[in-house]
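For reference, the structure discussed in these notes is given below.
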Amino acid sequence: MTTAGTYDAIVIGVGGMGSAALYQLAKRGLRALGLERFSVPHEMGSSHGLTRIIRLAFHEGPEYVPFGRRAYELWRELEERLGERVLRVTGSAHAGVPGSAGFEDTLRACRKQDVAHEVLSSAELSARFPGYGLPPEMMAVVQPDGGFLAPERCVAGHAEAARSLGAEIREGERVLEWDAFSGGVRVRTEGGAYEAGALIVTAGAWAGRLMPELAPVAVPERQVVAWFETEDAALFAPERFPVFIVTLDGEEYYGFPEFGTPGFKVGKFHHDGESADPDALDRSWRAEDEEMLRDFARRCFPKAAGRMLRMSVCMFTNSPDKHFIIGKHPQWPQASFAAGFSGHGFKFCSVVGETLADLAERGETRHDIAPFDPGRFALSRE
Ligand SMILES: Cc1cc2nc3c(=O)[nH]c(=O)nc-3n(C[C@H](O)[C@H](O)[C@H](O)COP(=O)(O)OP(=O)(O)OC[C@H]3O[C@@H](n4cnc5c(N)ncnc54)[C@H](O)[C@@H]3O)c2cc1C
């Protein structure tokens, strides 16, 4: 790869994806610089809140399965390096009434990709996992590899590993703009200017600010999660309670065992569909946020619909088709980016980091990223 200036590659945004990309660059012996406007980690973006689901059962489509398998391998590699667990296996349950997209698409993906699974009725699920109390007509695809990641530890762990391999990370330094020239890029921040042979933009909800082409197709959305008091915490311990995605009345909800803070954590995909300005996100508690999540808990996990113990506001960054956008800049191939994770990206941070490092190092990747090709949208600078 051509090197201009001081670094081989600069990564803008050291959150979930950027920290993994930095680790992968440093592992290859490349001189890498990460620029982060807040701290590493922080609570202003999309990678906080103590837990993120990881799974091999993909209602989003079977094309995610090979990418997911590699993600697991790389999370385990990170754990080895850190000497710490960041991934806990609990199993996962995808539930809904027969015929609902969440249930049927998951079953199809598991069958097509030969992913181990069982199909259980609501009664069978409750007998095995007594914290579950889904409506009797629901069925679930239970997949034994599902579980959760500890996002703050994943971000910090990737950053620590990257630093130990020689990467530089500058926290509290906001990037103002970047431009490209033949064979390299220049990045200007509030604190200075840097040059490199390659650029990776992993700015999450701010992707459209740094790459205006992405603004119409990577749209931030306000997202809320709540932790409710349970009747019996033992029923919601990670050993006895699989992570879940439940389709109820056509809406998808997700949740976790108790971990890191008291209570059962639950959220609704795309909450109430409110687009957000990442610099002016309403992080306050609203009564209707709580009521929406409590109503779901009452109907599906009645032993976990007690007092609200905690809530957190975060952002999804949605693409029009809810699939990821990963690839090279349409005009400057030395700049690559990953955006539009649409609420299901965290589990893939490890493999997205590897993919982005491939693109920065060689201009191509070993992974099949055709389904995430930015070319499916007409990207233009408006
Ligand atoms: C509530 C919630 C629940 C979720 N649940 C799941 C789940 O269970 N499983 C799952 O797989 N996914 C889940 N997701 C999605 C997943 O968390 C995201 O896809 C993932 O965190 C996105 O990572 P990112 O690196 O793109 O963004 P971030 O981690 O937010 O990183 C972007 C970084 O760029 C930095 N930045 C932006 N602009 C600049 C600038 N100008 N200069 C310097 N730095 C800049 C930001 O400060 C930030 O640190 C969930 C998301 C939310 C919000």
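Summary table below
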{"item": "Yes/no for HIS344 being assigned to a loop (DSSP other than H, G, I, E, B), surrounded by fewer than 21 Cβ atoms within 10 Å (Cβ to Cβ) and in contact with a helix residue (DSSP H, G or I) (Cβ under 9 Å, 6 or more places away or on another chain)", "result": "no"}
{"item": "Test: ALA335 is in the same structural domain as ALA162 (by TED's automatic domain parsing), farther than 27 Å from LEU50 by Cα and among the hydrophobic types (A, V, I, L, M, F, W, C)", "result": "yes"}
{"item": "Residues (under 22 Å from the mean Cα position of the chain (by Cα), under 23 Å from VAL185 (Cβ atoms) and of a type outside the set (Gly, Ala, Ser)) located in the stretch 287-340", "result": "THR317, PHE324, ILE325, ILE326, LYS328, HIS329, PHE337"}
{"item": "Qualifying residue in the stretch 13-31 (condition: outside any loop (DSSP other than H, G, I, E, B), in the same structural domain as LEU176 (by TED's automatic domain parsing) and of a type in the set (D, E, K, R))", "result": "yes"}
{"item": "Test: VAL89 is buried (at least 23 other Cβ atoms within 10 Å of the Cβ) and within 16 Å of the ligand (Cβ to nearest atom)", "result": "no"}
{"item": "The one condition in (1) assigned to a strand (DSSP E or B); (2) closer than 22 Å to ARG283 by Cα; (3) out of contact with any Gly (no Cβ under 9 Å at 6 or more places or on another chain) that TYR253 fails to fulfil", "result": "(3)"}
{"item": "Some residue of the stretch 183-205 being touching a Phe, Trp or Tyr at 6+ places or on another chain (Cβ under 6 Å), more than 21 Å from PHE341 (Cβ to Cβ) and away from the ligand (no atom under 16 Å from the Cβ)", "result": "no"}
{"item": "Unmet requirement for GLY267, which otherwise passes all of (1) outside any loop (DSSP other than H, G, I, E, B); (2) over 30 Å from PHE337 (Cα atoms); (3) within 15 Å of the ligand (Cβ to nearest atom)", "result": "(2)"}
{"item": "Count of residues meeting criterion [of a type outside the set (A, V, I, L, M, F, W, C), surrounded by 18 or more Cβ atoms within 10 Å (Cβ to Cβ) and part of a loop (DSSP other than H, G, I, E, B)] in the stretch 149-169", "result": "0"}
{"item": "Of all residues making up the stretch 98-116, the number that are out of contact with any Pro (no Cβ under 8 Å at 6 or more places or on another chain), closer than 22 Å to GLU137 by Cβ and surrounded by 15 or more Cβ atoms within 10 Å (Cβ to Cβ)", "result": "7"}
{"item": "Those residues of the stretch 279-324 which are over 30 Å from THR355 (Cα atoms) and either β-branched (Val, Ile, Thr) or in contact with a Cys (Cβ under 8 Å, 6 or more places away or on another chain) (or both), in sequence order", "result": "none"}
{"item": "Close pairs from the stretch 338-358: first within 11 Å of TRP75 (Cα to Cα), partner more than 9 Å from the ligand (Cβ to nearest atom) and among the aromatic types (Phe, Trp, Tyr), Cβ under 6 Å, at least 6 apart", "result": "SER350/TRP75; VAL351/PHE67"}
{"item": "Residue ID - farthest from the ligand (Cβ to nearest atom), chosen from residues in the stretch 309-341 that are part of a strand (DSSP E or B) and of a type in the set (D, E, K, R)", "result": "LYS328"}
{"item": "Conditions (1) within 12 Å of the ligand (Cβ to nearest atom); (2) of a type outside the set (Lys, Arg); (3) in contact with a strand residue (DSSP E or B) (Cβ under 7 Å, 6 or more places away or on another chain); (4) part of a helix (DSSP H, G or I); number of the one not met by MET292", "result": "(1)"}
{"item": "Where HIS59 falls short, out of the listed (1) assigned by TED's automatic domain parsing to the domain that holds GLY192; (2) buried (at least 23 other Cβ atoms within 10 Å of the Cβ); (3) within 14 Å of the ligand (Cβ to nearest atom)", "result": "(1)"}
{"item": "Flag if GLY172 is within 12 Å of the ligand (Cβ to nearest atom), surrounded by fewer than 22 Cβ atoms within 10 Å (Cβ to Cβ), at pLDDT below 95 and of a type in the set (Gly, Ala, Ser)", "result": "no"}
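The values are calculated or read from the model by the stated rules, or taken from the named source; none is laboratory data. Computed from a predicted structure; not experimentally measured. Virtual Cβ from ideal backbone geometry, glycine too; neighbours counted across all protein chains shown.
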